[in-house]
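Reviewing the structure listed below.
The values are calculated or read from the model by the stated rules, or taken from the named source; none is laboratory data. Keep in mind that what you see is a predicted model, and the values were worked out from it rather than measured. Cβ atoms come from the backbone with ideal geometry, glycine included; neighbour counts cover every protein chain shown. Note: accessible area is taken over every heavy atom of the protein model, side chains too, but ligands, DNA and RNA are not part of it. Shrake-Rupley method; radii C 1.70, N 1.55, O 1.52, S 1.80 Å.
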Amino acid sequence: IEPGRSSLQASVENFIESSRDRARASNQKVVVSLQASTEEAAARWQRMVFRSVFEASFESAAQARENVQLEGQAAVQVAGRYGAGLDLREGGVGVVNGRGTPDLSEGFALDFDCFPTDVESGKLLTWPGIVSIEQRRDGVVACQVRAGDGYFFTNITLETQVGALQANRWQHLRLFAADSVCKLQIDGKVVATADLPIYLSSPQDVPVFGDI
């Protein structure tokens with residue numbers, strides 16, 4: 001490799017360093033790979049990063065941008081943990097139409113805050129073809145993530161211990177699915193894990209908060 005600012009070596013080093021910085025800033029893995037040359041294209045470097053594909057914010061501006069639609073007795077712009085929230089105490093659902101159905105086959109992370117007024121059974125989030133998260137009796141949280149070998153897909157279930165979700169307090173739920181592993185966290189603590197097949201499924205519809 002010829003030395004110099006514009007050399008291939010300097011370009012690769014800059015690309016690797018910027019990928020490292022992005023991983024540190026996002027606290028998410030950044031995958032860097034070299035794509036082999038073909039008859040149509042030269043060899044090239046590429047990276048895969050986690051990025052936000054929809055924002056289920058219930059502030060008025062974000063509600064319009066993400067095309068959030070309410071059904072039943074659902075209400076928005078009520079007091080949430082940070083800003084406005086979605087109130088499902090009287091039933092109903094909040095549908096996040098977003099900006100299309102993103103490709104999540106390489107992995108995803110879902111984060112949201114919830115304030116259960118009881119520990120009875122009910123759906124928290126349903127994203128057809130991808131994932132469902134529900135609250136069961138006694139504070140158990142169950143998740144189903146759809147994954148498979150590329151030909152056959154099935155629902156992989158994670159289930160927490162009793163009392164993982166508590167009534168009358170805010171809690172932060174985070175579901176991470178990538179690299180053949182699925183993890184559910186509540187307030188930063190891992191409460192359930194499961195191995196996943198290599199391929200994740202694709203969305204069949206938009207995500208819905210609440211009981212469908």
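Would you mention how many residues in segment 155-196 are β-branched (Val, Ile, Thr) and without any contact (Cβ under 8 Å) to a residue 12 or more places away in the chain?
Qualifying residue count for the region: 1.
Do the conditions hold for Ala147, that is, is it under 22 Å from Gly122 (Cβ atoms) and either small (Gly, Ala, Ser) or in contact with a His (Cβ under 6 Å, 6 or more places away or on another chain) (or both)?
In short, no.
Could you please find all residues in segment 107-133 being touching an Asp or Glu at 6+ places or on another chain (Cβ under 9 Å) and not aliphatic (A, V, I, L, M)?
Across segment 107-133, the qualifying residues are Gly107, Ser121, Gly122, Lys123, Thr126, Trp127, Pro128, Gly129.
Anything in segment 93-134 that is of a type in the set (Gly, Ala, Ser) and surrounded by fewer than 18 Cβ atoms within 10 Å (Cβ to Cβ)? List them, or say none.
Gly100, Ser105, Ala109, Ser121, Gly122, Gly129
Of the conditions (1) in a strand (DSSP E or B); (2) more than 27 Å from Asp87 (Cα to Cα); (3) not basic (Lys, Arg), Leu173 fails just one. Which one is it?
Only one criterion is unmet by Leu173, namely (2).
Just a yes or no: is a residue in segment 155-166 open to solvent by 20 Å² or more (accessible area, probe 1.4 Å) and within 18 Å of Arg89 (Cα to Cα)?
Looking for residues that are open to solvent by 20 Å² or more (accessible area, probe 1.4 Å) and within 18 Å of Arg89 (Cα to Cα), one finds at least one in segment 155-166, hence yes.
A quick yes/no check of all residues on (1) surrounded by 14 or more Cβ atoms within 10 Å (Cβ to Cβ); (2) modelled with pLDDT of 75 or more:
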site	(1), (2)
Glu2	no, no
Leu8	no, no
Glu17	no, yes
Asp21	no, no
Gln35	no, no
Phe50	yes, no
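Among the numbered criteria (1) under 22 Å from Leu200 (Cβ atoms); (2) part of a strand (DSSP E or B); (3) within 17 Å of the chain's Cα centre (by Cα), which single criterion is violated by Thr154?
All conditions are met except number (3).
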